[in-house]
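Enquirer: One structure follows; several queries about it will come next.
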Amino acid sequence: MSKFQCLTGLFRRFRTFVLRREVEVVGQCRMCGRCCKRLLLKDAGRYLKTEKQFRTLCQSDPAHECFRVIERDEFGFLIFNCSKLEDDNICTDYESRPALCSNYPTKSLYYHGGWLRDDCGYSFKAVTFRDVFMRRKAWGRPRFANVLQGQIEQEKDKRAP
Ligand code: SF4
Ligand code: SF4
């Protein structure tokens, strides 16, 4: 993880703490398959750097066996492709895909300074200091019913064929 990403994550967590407003994941998957390519994998909160770490991850969670190392990035982290992705970018094992796929994109990605591709159907929606100062958003927690409704909509989007 780069220093910039680290600082971005820290800032986002700080802002959430101060404004007491969680980021929301909005939108839906366009099935482009781009997030199934050239991905980094984590074990116990750390990105994998060695084949040995990858084997250990596969032993503890065999669902990761579908991933193949293709190269390393400039920081030495392993980059993977998934063997279950067809040429037409469709997952051949969608119903049994690993949790990291079915949970994607997680809020944790946002709070660790990550971002989504511009062409991804999902996006992170966060309340900013500017929104609050310009009175575009209220300071404080949104009503529980609204949060629940948002979660239900998100689940519906994920289950949509
Ligand atoms: S989550 Fe985003 S990047 Fe991944 S397949 Fe769906 S639209 Fe594409
Ligand atoms: S298991 Fe399916 S959803 Fe997960 S990375 Fe592979 S192709 Fe993509």
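No lab work stands behind these numbers, since they all come straight from the coordinates. In this text, all values refer to a predicted model and were calculated from it rather than measured experimentally. So basically every Cβ, Gly included, is an ideal-geometry build from the backbone, and we count neighbours across all protein chains shown.
Enquirer: Using only the alpha carbons of segment 38-84, determine the length spanned along each of the three principal axes and report them from longest to shortest in whole angstroms.
Expert: 27, 24, 15
Enquirer: Cα centroids of segment 1-31 and segment 34-81: how far apart, whole angstrom?
Expert: Using only Cα atoms to place each centre, the spacing works out to 23 Å.
Enquirer: As an exercise, use a Förster radius of 25 Å and the Cβ-Cβ distance of A44 and R135 to find the FRET efficiency, rounded to the nearest 0.05.
Expert: Computed FRET efficiency for A44 and R135 comes out at 0.05.
Enquirer: Excluding residues fewer than 8 places away in the same chain, name every one of the aspartates and glutamates whose C-alpha is closer than 17 Å to that of K3.
Expert: D73, E74
Enquirer: Here's another thing I want to ask about it. Largest first and to the nearest Å, give the Cα extent of segment 41-121 along each principal axis.
Expert: On the principal axes, segment 41-121 reaches 32, 28, 22 Å in Cα extent.
Enquirer: Separate question: Between W115 and R20, how many nm apart are label points set 7 Å from Cα along the C-beta direction?
Expert: In this crude spin-label approximation the distance works out to 3.1 nm.
Enquirer: Under a Cβ-Cβ cut-off of 12 Å, what is the net charge of the residues other than R72 that fall near it, where Lys and Arg count +1 and Asp and Glu count -1?
Expert: -2
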